[in-house]
Amino acid sequence: MKVVGLGQCSLDNLFYIDSFPAPDTKKEVIDWTTAGGGPVATALVSLSRLGVDCSFHGITGDDEAGRKIADSLKAEGVDINGLTVRPQSCSQVAFIAVEKGSGRRTIFWKRPSAGPLKPMELPGNFLDNTDFLLIDGLMTEASFHAAIKAREKNIPVMLDAGRVREGMIELAGLCDYVVASEEFGREFAGGETFDEESAVRQMNSFGSRVSTITLGERGSITIAGNDIFRTPAFRVEVADTTGAGDVFHGGYIYGLMKKWDIKEVVRFASAFAALKCRQPGGRAGIPALRETEDFLSDNV
């Protein structure tokens, strides 16, 4: 099995505090760690841990952060031949404050200084022997190009929909699966109140096979055809929720490639993401397949 991903990669600087401070105060940090991040990049790392061949396409700068991003992907067995290094530019970085005990976090991030990946920078064979394409839509032109090429080759495409950005709705119309954040669901549905079922039903207008909205500790809601179902979140001792959504995407794609029933797919993705949250950082806690299977067996 092989998955190609196109999208964001980042260097995450995570610091842990006992509680969020008030403005204009000082706060001592309990601990600090640096790790690779980014939605598509972390989803590919999670798939690699499940034994899937993965190839990443994106950009970094030629700075120290870019080198660390590349090293973090290589260390996880992700093919980075599609990672383009922009000269004299800065990579994407994030500073993430995590509240110890609750696992809640606040993310401060800066986009890369260089331009996004262009369609012409994707080699003609970038989808050869590929079983699945994952995109986040943040590099709009390249994402449209990749999704169209995947459709021509009958390769299923998933959109990681984090926000309603320019072109995102049109891009969703080219995707077989849309897995969206609650923030996307709220923005897409509009209105003063958020009705989860109404929002996911509206997402049927994309024409995708399946659409899911992740809801954090409330689990997720999914529509497949006309069938709507909810999947509860698994309860674990939470250290840090950073990267949970990205790992959810990885587990979701794994289940789809295994041709599981969609309810089983979402349940696996939920367990996979929950187990990640037991350790600090977006990637350190990503579990192995056997660990996830055992956890599911114990939580029937």
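Note the direction-averaged projected area, equal to a quarter of the hull surface, for the Cα convex hull of the stretch 104-155, in nm².
Average of the hull's projected areas for the stretch 104-155 equals 5.2 nm².
Based on Cα positions only, what radius of gyration and what Dmax would you give for the chain, in angstroms?
Reported Rg and Dmax, both Å: 18.3, 56.
Tell me, in nm to one decimal, what length is gained between residue 217 and residue 165 on full extension, where the rule is 0.36 nm per residue of separation less the Cα-Cα distance?
Values: separation 52, 0.36 × 52 = 18.72 nm, distance 2.49 nm.
That works out to 16.2 nm of additional length.
Among rounded, prolate and oblate, which fits the stretch 22-117 when a ≥ b ≥ c are the square roots of the eigenvalues of its C-alpha gyration tensor, a/c under 1.5 means rounded, and a/b larger than b/c means prolate?
It is oblate, given that a/c is not under 1.5 and a/b is not larger than b/c.
When the Cα atoms of the stretch 68-179 are enclosed in a convex hull and the volume is divided per residue, what value in Å³ results?
Details: hull volume 16.8 nm³, N = 112.
In the stretch 68-179, the Cα convex hull volume per residue is 150 Å³.
Output the relative contact order of the chain, whole-number percent, from Cα pairs under 8 angstrom with separation of 6+ residues.
About 17 percent, as a whole number.
As a check on your grasp of the helix formula, calculate [θ] at 222 nm for the chain: sum -39500 (n - 2.57) over DSSP H runs of n ≥ 4, divide by the residue count, round to the nearest 500.
-9500 deg cm²/dmol
Which of the three applies to the stretch 120-245, rounded, prolate or oblate, going by the alpha-carbon gyration tensor with a ≥ b ≥ c and a/c under 1.5 meaning rounded? Could you put the intermediate results ahead of the total?
Numbers: a/c = 1.85, a/b = 1.56, b/c = 1.19.
In terms of gyration-tensor shape, prolate.
Looking at this model, which pairs from 27/118; 110/258; 74/276; 153/263; 100/263 are more than 30 angstrom apart at the alpha-carbon?
From the list (27/118; 110/258; 74/276; 153/263; 100/263), the Cα-Cα distance tops 30 Å for 27/118; 110/258; 100/263.
Take every DSSP beta bridge with both residues inside the stretch 20-170 and express the antiparallel ones as a percent of the total, to the nearest 5.
For the stretch 20-170, the DSSP antiparallel bridge percentage is about 40.
Please label the shape of the stretch 65-116 as rounded, prolate or oblate, based on the square roots a ≥ b ≥ c of the eigenvalues of the alpha-carbon gyration tensor (a/c under 1.5 means rounded; beyond that, a/b larger than b/c means prolate, else oblate).
oblate
Each value in this text was obtained by applying a stated rule to the coordinates, not by laboratory testing. What you are looking at is a predicted structure, and each value in this text was computed from that prediction instead of being measured.
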